[in-house]
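The values are calculated or read from the model by the stated rules, or taken from the named source; none is laboratory data. Note that the structure is predicted; figures quoted are calculated from it, not measured. Every residue, glycine among them, receives a Cβ derived from its backbone with ideal geometry; neighbour counts consider all protein chains shown. Calculation scope for accessible area: heavy atoms of the full protein, side chains included, ligands and nucleic acids excluded. Shrake-Rupley method; radii C 1.70, N 1.55, O 1.52, S 1.80 Å.
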Amino acid sequence: MIKRHEKQQQFEESDANLIVGNIEKCPISPQQLALTTSDSPYVVQTFNSGLTAEVYRIRLNGKDYTLKKKRPVARVQNLDGQFSFLNEVQRRSYFQQIKDAPQTSDAFRCIVETIYADYRLGIILSDWIEGEPVKKLTPSLLSQLFSTLTECEKVGLFEWDLCAGNLLVDSNQKLWLFDFGYMYEFDPLTEFNSDGTNAPLFQFCERFETRFFSGWLLEQGCSHRQSIEVFRNVKQAAVNVLAEKKSWLQRHRADRAISHFAEALREQYLTALESDASLENLFTVEMFRSHVLDIEDDLDGKSCTSTTIKRVNTVLEMIENFYPLLQEQDALFFHNEGKSKEQLINSYQKKLSLVKQYQLQPDECPRDHG
Ligand SMILES: Nc1ncnc2c1ncn2[C@@H]1O[C@H](COP(=O)(O)OP(=O)(O)OP(=O)(O)O)[C@@H](O)[C@H]1O
Ligand SMILES: [Mg+2]
């Protein structure tokens, strides 16, 4: 068992509780909130797709709130899933402290306000965000997202699950983050992410491209030209925060490997922004990596959708058209490492039939982990 799971298991088995916020701000008692079902008179809307929680939009005294309620039994086997509700209450406890402190509140303005949470009662009450899923990836939205993620990293928090269901945009074009079930602690001065120094591959821009952007482009049916233009905005926004991140790392005497990595990433993105041809190449390499990673995720969880099929077909096309580039750019990693073009095609054809076998039914469609 990894350390995080051990600590969470210990907490789970202890008598300790974790409460966030002030009970006076609760519109009804926490005990009553915990008894909420879809039939409760104050429930306006139910989101039932979560594996570890149910989410309700509720209305009390003319004000809307979001109530996230822990399922008695998680619908997911792995420990990350089993502890994701506890993990979220832990994250919110800290976020609320830094949101409430005047020096840090602005940096975390895109993080939803927690009104009250009680782990043992299994409730998290938040502001209701009147928003919509991301429809247009504007520079402003990307900048809000990446700067929030950078601020999180600076306080030692790494977000893994930036899927479409975990991002909302309100009518003022403000971005909101509200699901922290898969946001884990790490040391930003000595580690790349919450997996330590094992896999620098996983970083904020990659997480966004893997969990959101690569699938979103396929679902939107964007033309290649349009996709490249949005990709340019993504990398430009990443370059902007990486410059700041790098000087922060240096000021705080981060390990050389860590600051070097941030600098190398910034230079790689900057170089790509300098010419259409190198932007095209980076687009191919990044989308290949993101599709490859997300396909494995969906296969692992036996939770494939029509987008997973599109992803595998795109990967097959990319192998066909860009094999030498992928090889040269180290895009063949993990299970793809060292494979010839034929072996790769073979492998992804097999995955294609598995993906078709593991299609979720429409009523069980968790497009996110949490
Ligand atoms: N504060 C909020 N304001 C408005 N809508 C919200 C808020 N929180 C959640 N939602 C809506 O509810 C959906 C599910 O919420 P959330 O992502 O927190 O849980 P989940 O992913 O379903 O849970 P699980 O961790 O069990 O998988 C979101 O995709 C969003 O549409
Ligand atoms: Mg979610």
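What number of residues within region 153-191 satisfy the criterion of being open to solvent by less than 30 Å² (accessible area, probe 1.4 Å), within 16 Å of ligand 2 (Cβ to nearest atom), among the aliphatic types (A, V, I, L, M) and assigned to a strand (DSSP E or B)? Talk me through it step by step, then tell me what you get.
Of all residues in region 153-191, those open to solvent by less than 30 Å² (accessible area, probe 1.4 Å) come to 153, 156-159, 161-163, 166-167, 169-170, 175, 177, 179-184, 186, 188.
From the residues that got through so far, the ones that are within 16 Å of ligand 2 (Cβ to nearest atom) too are 159, 161-163, 166-167, 169, 175, 177, 179-184.
Filter once more, so that each one left must be among the aliphatic types (A, V, I, L, M): 162, 167, 169, 175, 177, 183.
Restricting the remaining residues to those that are assigned to a strand (DSSP E or B) gives 167, 169, 175, 177, 183.
Of the residues in region 153-191, 5 are open to solvent by less than 30 Å² (accessible area, probe 1.4 Å), within 16 Å of ligand 2 (Cβ to nearest atom), among the aliphatic types (A, V, I, L, M) and assigned to a strand (DSSP E or B).
Quickly run through region 83-96 and pick out the residues that are over 18 Å from L121 (Cβ atoms) and either surrounded by fewer than 19 Cβ atoms within 10 Å (Cβ to Cβ) or not hydrophobic (A, V, I, L, M, F, W, C) (or both).
Y94 - this is the single residue of region 83-96 that is over 18 Å from L121 (Cβ atoms) and either surrounded by fewer than 19 Cβ atoms within 10 Å (Cβ to Cβ) or not hydrophobic (A, V, I, L, M, F, W, C) (or both).
Just the residues that are farther than 27 Å from N17 by Cβ and open to solvent by 60 Å² or more (accessible area, probe 1.4 Å), please, taken from region 118-137.
E130, E132, P133, K135, K136
Name the single residue that is farthest from the chain's Cα centre (by Cα) among those in region 158-184 being under 16 Å from S214 (Cβ atoms) and more than 11 Å from ligand 1 (Cβ to nearest atom).
Among residues in region 158-184 that are under 16 Å from S214 (Cβ atoms) and more than 11 Å from ligand 1 (Cβ to nearest atom), the one farthest from the chain's Cα centre (by Cα) is W160.
Give the residue, chosen from T138, T114, that is over 18 Å from the mean Cα position of the chain (by Cα) and away from ligand 2 (no atom under 16 Å from the Cβ).
None of the other options fit; the residue is T138.
Might you check whether a residue that is at pLDDT 95 or above, open to solvent by less than 40 Å² (accessible area, probe 1.4 Å), within 14 Å of ligand 1 (Cβ to nearest atom) and among the polar types (S, T, N, Q) occurs anywhere in region 55-72?
yes
Could you give me the residue pairs with C-beta distances under 7 Å whose first residue belongs to region 2-28 and is touching a residue at least 24 places away in the same chain (Cβ under 8 Å) and among the aliphatic types (A, V, I, L, M), whose second residue is in a helix (DSSP H, G or I) and surrounded by 11 or more Cβ atoms within 10 Å (Cβ to Cβ) wherever it lies, and which are 6+ apart or on separate chains?
Short answer, once both residue conditions are applied: L18/V89; L18/Q90; L18/S93; V20/V89; V20/R92; V20/S93; V20/Q96; I23/P30.
Applying the selection to region 215-229, what residues are surrounded by fewer than 18 Cβ atoms within 10 Å (Cβ to Cβ) and among the aliphatic types (A, V, I, L, M)?
I228
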